[in-house]
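Trainee: Let me begin by handing over the structure; questions about it come next.
The values are calculated or read from the model by the stated rules, or taken from the named source; none is laboratory data. Since this is a predicted model, take the numbers as computed values, not measurements. All Cβ positions, glycine included, derive from the backbone under ideal geometry; neighbour counts span all protein chains shown. Remember, those area values only see protein heavy atoms, side chains included, never the ligands or the DNA or RNA. Shrake-Rupley method; radii C 1.70, N 1.55, O 1.52, S 1.80 Å.
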Protein chains: 2
Amino acid sequence: MVAAAGVMALVAASCIFLVDRFKKLTRTITSEQLRAERMGRYFSPQVASLMNDEQTSGMVGQSQDITVLFCDIRGFTAMTEELGNQEVVELLNQYFTTMVDVVFEFGGTLDKFMGDGILAYFGAPVVYADHADRAISCAKSMQQAIERENLIKKNQGKPTLEAVIVVHSGPAILGTIGSDKRREFTAIGKTINVAARMEAVAKEHEVKILVSHACKELAKQEASFTELAPAKLRGVPEPLRCYALEHS
Amino acid sequence: MVAAAGVMALVAASCIFLVDRFKKLTRTITSEQLRAERMGRYFSPQVASLMNDEQTSGMVGQSQDITVLFCDIRGFTAMTEELGNQEVVELLNQYFTTMVDVVFEFGGTLDKFMGDGILAYFGAPVVYADHADRAISCAKSMQQAIERENLIKKNQGKPTLEAVIVVHSGPAILGTIGSDKRREFTAIGKTINVAARMEAVAKEHEVKILVSHACKELAKQEASFTELAPAKLRGVPEPLRCYALEHS
């Protein structure tokens, strides 16, 4: 009976230990999965692994030079009125998956989707001195990816897509911004607004990649830039020097 | 010894049972927390509890009549250039928290933040027949909340905020849209584009709440609407009938 009591005490102790271990494990798995899900929304696994939590969730507004990239599908709204709803959603999901892979390939951060638009930037939270070159190379690669997909779509008799991409460099405020229930890692300020307004210029000039002077000046790569007439942007007093860029 | 062996067998079986329970618990807690985090991003806890996973994550594009609400801070970019970066982020986070609470109070869905902008809608995924009234009441309540906060800010010598809100009703495609790593519950289509473009009209006319004709026609509440000259929106062929709405 003494032996049985000893065994029972040992087993009871083991059980308490196990329960405690499992509780800790549960907490660890949960917070790790939440963190992985959060990080995977913005960054490639490679970039996410370079960062720790403080670099993102603790950010309360630091200024950094970045290059912003906006990408929009030309005539998308008209397209949604011709296609079925499910077809529109499937088309967008496939397109976004392809585009985000390219953004991540160049170390970019996916800020958000806006309708058919993509907002990404380069140089934050991981600092890259060559953020302008990364954004330009990414824009070219995105257009090439669209062309490849269009060839497949054409063969399948599906509608093809045409995208307009703008890139602009400058300082931005980076931080985790939102309501207490939904904070997101994002960039705000004039650089982002100017980039957003460059889209109308790109559409007007039927340019596939529009690069601002500020971005071109930072870029070191050889590329065929064609200067356009300075653009008057809504709400921006000084006209913006910008360039059309060939992607092939 | 027979008794001891019996106790050990019983305890071993209990341990196996416990390990299995904990494993299941771990999985349940993890997926529940992920789901709660995902749902809390878009909906109030009350709305989230009305829905099940299929209603959101399974949505691959259904059309629904909704009322879209856009809210923007007037002159925010100029403000960011005067304030410190941390101050800008703190100001936005406080402002968004207040505004999202109001959106949730009226059963709205928070689509996204865009810089200082808020995109919300009413009538999806939970169907409300009175989505136009909810959006109009929400817009009024948001303006009232801003006024209350401005009184406090004034007393503290802090900069006050002025917001422009537009509401527009119509059909939209609802679905979980994005790349394979980041799908979000969102609304797309012409109704959202028109609403986004109404903002420039509201700013031009210095109107605090701008309501489209489509939204006003659906609304049943008594409210003081003042018709404006039909607005020409970029990319929209027919001029839009719209109204200024008093909020106090």
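Trainee: Scan B:E184, B:E227, B:E238, B:E222 and give me the residue that is charged (D, E, K, R), open to solvent by 10 Å² or more (accessible area, probe 1.4 Å) and within 22 Å of A:M114 (Cα to Cα).
Mentor: Going through B:E184, B:E227, B:E238, B:E222 in turn, just one is charged (D, E, K, R), open to solvent by 10 Å² or more (accessible area, probe 1.4 Å) and within 22 Å of A:M114 (Cα to Cα): B:E184.
Trainee: Report whether or not B:A78 is free of Cβ contacts under 8 Å to residues at least 60 places away in the same chain, away from chain A (no Cβ under 14 Å), open to solvent by 30 Å² or more (accessible area, probe 1.4 Å) and of a type in the set (A, V, I, L, M, F, W, C).
Mentor: Values: free of Cβ contacts under 8 Å to residues at least 60 places away in the same chain: yes; away from chain A (no Cβ under 14 Å): no; open to solvent by 30 Å² or more (accessible area, probe 1.4 Å): yes; of a type in the set (A, V, I, L, M, F, W, C): yes.
For B:A78, the condition - free of Cβ contacts under 8 Å to residues at least 60 places away in the same chain, away from chain A (no Cβ under 14 Å), open to solvent by 30 Å² or more (accessible area, probe 1.4 Å) and of a type in the set (A, V, I, L, M, F, W, C) - is not met.
Trainee: Another one. Consider only pairs whose beta carbons are under 7 Å apart and that are at least six residues apart or on different chains; among these, list those whose first residue lies in region B:181-195 and is modelled with pLDDT under 85 and whose second residue is outside any strand (DSSP E or B) and hydrophobic (A, V, I, L, M, F, W, C).
Mentor: Listed pairs, sorted by first residue: B:K181/A:V100.
Trainee: Name the residues in region B:100-112 that are assigned to a helix (DSSP H, G or I) and in contact (Cβ under 8 Å) with a residue 60 or more places away in the chain, would you?
Mentor: In the first step, residues of region B:100-112 are kept if they are assigned to a helix (DSSP H, G or I); the result is B:100-105.
Listed by number, the residues that qualify are B:F104, B:E105.
Trainee: Hey, can you tell me all the residues within region A:106-119 that are over 18 Å from A:E199 (Cβ atoms) and modelled with pLDDT under 95? Please lay out each step first, then the result.
Mentor: If we filter region A:106-119 for residues that are over 18 Å from A:E199 (Cβ atoms), which is where we start, we get A:106-107, A:109.
Result: A:G107, A:T109.
Trainee: Restricting to region A:204-248, what's the tally of residues that are among the small types (G, A, S), touching an Asp or Glu at 6+ places or on another chain (Cβ under 9 Å) and more than 11 Å from A:V194 (Cβ to Cβ)? Quick ask: steps written out before the conclusion?
Mentor: At the first step, the residues of region A:204-248 found to be among the small types (G, A, S) are A:212, A:214, A:219, A:223-224, A:229, A:231, A:235, A:244, A:248.
The next check asks that each one be touching an Asp or Glu at 6+ places or on another chain (Cβ under 9 Å); those that pass are A:219, A:223-224, A:231, A:244, A:248.
Filter again for more than 11 Å from A:V194 (Cβ to Cβ), leaving A:219, A:223-224, A:244, A:248.
Total satisfying the criteria: 5.
Trainee: Working only within region A:118-139, note down all residues that are under 19 Å from A:E246 (Cβ atoms) and open to solvent by 40 Å² or more (accessible area, probe 1.4 Å). Before you say what the answer is, go through the steps one by one.
Mentor: Restricting attention to region A:118-139, the residues satisfying the condition of being under 19 Å from A:E246 (Cβ atoms) are A:132-139.
Passing the criteria: only A:R134.
Trainee: Within region A:169-188, identify whether any single residue is over 23 Å from A:V127 (Cβ atoms), in contact with a Lys or Arg (Cβ under 9 Å, 6 or more places away or on another chain) and acidic (D, E), and answer yes or no.
Mentor: No, region A:169-188 has no match at all.
Trainee: Another question about this same structure. What's the number of the condition B:E206 fails, among (1) open to solvent by less than 10 Å² (accessible area, probe 1.4 Å); (2) within 19 Å of A:G235 (Cβ to Cβ); (3) modelled with pLDDT under 95?
Mentor: B:E206 satisfies all of (1) open to solvent by less than 10 Å² (accessible area, probe 1.4 Å); (2) within 19 Å of A:G235 (Cβ to Cβ); (3) modelled with pLDDT under 95 except (1).
Trainee: For region B:81-90, which residues satisfy the criterion of being in contact with a Ser or Thr (Cβ under 6 Å, 6 or more places away or on another chain) and either more than 7 Å from chain A (Cβ to nearest Cβ) or of a type in the set (V, I, T) (or both)? It would help to see each step written out before you state the result.
Mentor: Restricting attention to region B:81-90, the residues satisfying the condition of being in contact with a Ser or Thr (Cβ under 6 Å, 6 or more places away or on another chain) are B:85, B:88.
Hit for region B:81-90 is B:V88, nothing else.
Trainee: Could I ask something else about it? Of the numbered conditions (1) on the phi > 0 side of the Ramachandran plot; (2) of a type outside the set (A, V, I, L, M, F, W, C); (3) touching a Ser or Thr at 6+ places or on another chain (Cβ under 7 Å), A:G178 fails exactly one; give the number of that condition.
Mentor: Exception for A:G178: condition (3).
Trainee: Output the residue which, of all residues in region A:140-160 that are farther than 26 Å from B:K112 by Cβ and aliphatic (A, V, I, L, M), is least open to solvent (accessible area, probe 1.4 Å).
Mentor: Selected residue: A:I152.
Trainee: Looking only at residues in region A:91-106 that are open to solvent by 10 Å² or more (accessible area, probe 1.4 Å) and at the interface with another protein chain (Cβ under 7 Å from one of its Cβ atoms), which one is nearest to A:V126 (Cα to Cα)?
Mentor: A:T97
Trainee: Mind listing just one residue for me: the one in region B:49-64 that is within 11 Å of another protein chain (Cβ to nearest Cβ) and at pLDDT below 75 and, of those, surrounded by the fewest Cβ atoms within 10 Å (Cβ to Cβ)?
Mentor: Keep residues of region B:49-64 that are within 11 Å of another protein chain (Cβ to nearest Cβ), which gives B:59-64.
Next, only the ones that are at pLDDT below 75 stay: B:59-60.
On the way: B:M59: 20, B:V60: 16.
Within region B:49-64, the match that is surrounded by the fewest Cβ atoms within 10 Å (Cβ to Cβ) is B:V60.
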